[in-house]
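Asks: Structure below; questions to follow.
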Amino acid sequence: MVVILIVVAIVVVLAILWISLYNGIVRKDNRCDNAWQTIDAQLQRRNDLIPNLVETVKGYAKHESSTLEAVTAARSAVSSARTPEEKMQASNVLTDALTHLFAVSEAYPDLKANANFQQLQSELTDTENKISYARMSYNDCVLEYNNAIETFPGNIVAGSKFRQRQGFEVATASAREAPKVQF
């Protein structure tokens, strides 16, 4: 009888451990989804601000059409991206295009002094900071989740149901370099 009680106790403890590990992985997975939704909301905010910025710059920098077209195309790519990986890549391209646009604006003192441009630039800068913070938070969530499903005994509990996630990376070499401003 004692042996049966010990076996039952061991089975119950293992079941509780299994359930606890599984629920922990589910919570981490949901946290990654939530962190991604935060990034997505900030990307949408940035996409909503860009047309106003482009229109403001158009009036001052008519011969910078290639820069404006690059920003517009990059914005469209972010809007049409469907998967998180596609959005990550398109977002990196848009960040590069916006960096170049702000560098170009340095050559136009009247544009830099324009209150509307300054406000839009400030809002975009604030949004970029929020995106950066949200990306760091997302990467932290992804790291915690990936560690949970790849380490023992979580890897046994995760089985094939939970897939490894990819975090945000700086995808281009130009994103690591400071923009060059030329007059």
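Asks: Per DSSP helix of 4 or more residues, -39500 (n - 2.57); summed, then divided by the residues of the chain. What does that give at 222 nm, rounded to the nearest 500?
Replies: Roughly -27500 deg cm²/dmol at 222 nm, from the helical runs in the chain.
Asks: Here's another thing I want to ask about it. Putting +1 on Lys and Arg Cβ atoms and -1 on Asp and Glu Cβ atoms, find which of Ile50, Val71, Val3 reaches farthest to the positive end of the dipole of the chain.
Replies: Val3
Asks: Now, a different point. At 0.36 nm per residue, minus the direct Cα-Cα distance, what do Thr99 and Lys130 gain on full extension? Give it in nm, one decimal, please. Present the calculation step by step, with values, prior to reporting the outcome.
Replies: Numbers: separation 31, 0.36 × 31 = 11.16 nm, distance 1.59 nm.
Length gained, Thr99 through Lys130: 9.6 nm.
Asks: Please report, as a whole percent, how much of the solvent-accessible surface of the range 67-120 comes from carbon and sulfur atoms (probe radius 1.4 Å).
Replies: Details: 1360 of 2590 Å².
Solvent-exposed carbon and sulfur of the range 67-120 make up 53 percent of the total.
Asks: Let me ask something additional. Label points 7 Å out from Cα along the Cβ direction at Thr83 and Val26: separation in nm?
Replies: 2.6 nm
Asks: Then there's this: Using the heavy atoms of the protein chains and a 1.4 angstrom probe, tell me the accessible area per residue for the chain in square angstrom.
Replies: On the way: 11140 Å² over 183 residues.
Heavy-atom accessible area per residue stands at 61 Å².
Asks: Can I ask one more? Arranged from highest to lowest average of other beta-carbon atoms within 10 Å per residue, in what order do the peptides 81-94, 120-133 appear? The partial results should precede the final answer.
Replies: Numbers: 81-94: 17.1, 120-133: 15.6.
Ranked by mean Cβ neighbours within 10 Å, highest first: 81-94, 120-133.
The values are calculated or read from the model by the stated rules, or taken from the named source; none is laboratory data. For clarity, every value in this text was computed on a predicted model and none was experimentally measured. So basically every Cβ, Gly included, is an ideal-geometry build from the backbone, and we count neighbours across all protein chains shown. Accessible surface areas use protein heavy atoms only, side chains included; no ligands, DNA or RNA. Shrake-Rupley method; radii C 1.70, N 1.55, O 1.52, S 1.80 Å.
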